Amino acid sequence: MIEKNKIKRWLQWAAWVVVIALLAGYYVKNGAGDESQSQDTEQAQVMMPEYDNQSTTASVNYETVLLPRGMSDRVVKYKGYTAHFNKELHIPNCVTYEITASEARGKRDRNGNFERDESVAGCPNWWDYRDSGYDRGHMAPAGDMKWDEQAMNETFYLTNVCPQDAALNAGVWNDIEMKVREWARRDKSLVVITGPIIDKKYETIGQDMDIAVPDAFFKVILSPNTTPMKAIGFICPNRVCGGTLKSYAVSVDEVEKRTGINFFNALPDDVENTIEATCNFNQWMNR
């Protein structure tokens, strides 16, 4: 009888050993295995690029700019663009926006009246441009905002305007703006940054304010959805400009040198350095 009890206890102990062994095997297969898989996934995520050429710019803010230290800068966000307004010069340092393919196909008629943004200190009035000899030149064009009435109307705020030579405004500058819309329709979306280039000694206009007259204008463009990414700049003197668009094309680095503004700093350094040093106009013209 005592022997039978020993055998029974031994069998019970052996059964528990088997159960424990089975549980340990399950943990190694599923628990530790999952942990290993999780670590591999986390490592893969860390090693992936910080940008994705197949995505829209919504995930990364390529519109961010770094302005020179000490420059007067009031950031004003409108529906279609952001203005970096200089209350001392009474013009924008630059304006930034993304234009998508669908936005570039907007059909609204151009409409709006130039007016002062009352919420922004240093913003001039429309009459400050009267009889000045200069156009009220849009930095964010009304033509890029035909997708929405409010977005278009807000381009007529004088926070978005600089004194611009009439021939430039209607000529080469307008040609560049039309190319931007064409390229946006082709490339899914573009990031566009536009503004004045001011010499140390500059002319002024204005009845109530001394509005700085730019020596030139720049536009830098990033195509974040092409493979590879590409960027280009343009600089146009604030006067009659002849010749082809190609003669005004420059690298983004050149625009940064002239303005002191750092563009597209949200890009990984290696990508930023490569595309900003390049001015390949033919790359943009090829479909």
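The values are calculated or read from the model by the stated rules, or taken from the named source; none is laboratory data. The structure displayed is predicted, hence computed values, not measured ones. Positions of Cβ are generated from backbone atoms using ideal geometry, with glycine treated the same way; all protein chains shown enter the neighbour counts. Side chains are part of the model used for accessible areas, which takes the heavy atoms of the whole protein and leaves out ligands, DNA and RNA. Shrake-Rupley method; radii C 1.70, N 1.55, O 1.52, S 1.80 Å.
At a glance:
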{"quantity": "Residue match in the range 149-164 (condition: crowded, with 21+ Cβ neighbours inside 10 Å, in contact with a Pro (Cβ under 6 Å, 6 or more places away or on another chain), of a type in the set (A, V, I, L, M, F, W, C) and closer than 22 Å to Lys246 by Cα)", "calculated": "no"}
{"quantity": "Number of the exception - Arg136 against (1) in a strand (DSSP E or B); (2) open to solvent by less than 40 Å² (accessible area, probe 1.4 Å)", "calculated": "(2)"}
{"quantity": "Cβ-Cβ under 7 Å pairs, at least 6 apart or on other chains, the range 222-240 side part of a loop (DSSP other than H, G, I, E, B), far side at pLDDT 95 or above and surrounded by fewer than 17 Cβ atoms within 10 Å (Cβ to Cβ)", "calculated": "Val240/Ala167"}
{"quantity": "Of all residues in the range 259-279 being of a type in the set (A, V, I, L, M) and part of a helix (DSSP H, G or I), the one that is surrounded by the fewest Cβ atoms within 10 Å (Cβ to Cβ)", "calculated": "Val271"}
{"quantity": "Near pairs, Cβ below 7 angstrom, 6+ apart or cross-chain, from the range 244-257 (in contact (Cβ under 8 Å) with a residue 12 or more places away in the chain) to any residue that is open to solvent by 40 Å² or more (accessible area, probe 1.4 Å) and of a type in the set (Asp, Glu)", "calculated": "Leu245/Asp175"}
{"quantity": "Meets criteria (under 26 Å from Ala101 (Cβ atoms), polar (S, T, N, Q), in contact with a strand residue (DSSP E or B) (Cβ under 7 Å, 6 or more places away or on another chain) and open to solvent by less than 10 Å² (accessible area, probe 1.4 Å)) for Ser223", "calculated": "yes"}
{"quantity": "Residue tally, condition of a type in the set (S, T, N, Q) and within 27 Å of Asn169 (Cβ to Cβ), over the range 232-279", "calculated": "5"}
{"quantity": "The range 116-133, subset in contact with a Pro (Cβ under 8 Å, 6 or more places away or on another chain) and in a loop (DSSP other than H, G, I, E, B), residue most open to solvent (accessible area, probe 1.4 Å)", "calculated": "Arg116"}
{"quantity": "Subset of the range 147-176 [closer than 20 Å to Leu89 by Cα and either assigned to a loop (DSSP other than H, G, I, E, B) or β-branched (Val, Ile, Thr) (or both)]", "calculated": "Thr155, Phe156, Thr159, Val161, Asp165"}
{"quantity": "Single match in Ile176, Ile197 (criterion: in contact with an Asp or Glu (Cβ under 7 Å, 6 or more places away or on another chain), closer than 15 Å to Cys236 by Cβ and open to solvent by less than 10 Å² (accessible area, probe 1.4 Å))", "calculated": "Ile197"}
{"quantity": "Hits in the range 217-251 (condition: more than 13 Å from Gly195 (Cβ to Cβ), at pLDDT 95 or above and of a type in the set (Gly, Ala, Ser))", "calculated": "Ser223, Ala231, Ser247, Ala249, Ser251"}
{"quantity": "Total residues in the range 177-221, condition part of a helix (DSSP H, G or I) and over 15 Å from Val161 (Cβ atoms)", "calculated": "10"}
{"quantity": "Boolean, Lys107 is surrounded by fewer than 20 Cβ atoms within 10 Å (Cβ to Cβ), of a type outside the set (Asp, Glu), in contact (Cβ under 8 Å) with a residue 60 or more places away in the chain and part of a loop (DSSP other than H, G, I, E, B)", "calculated": "no"}
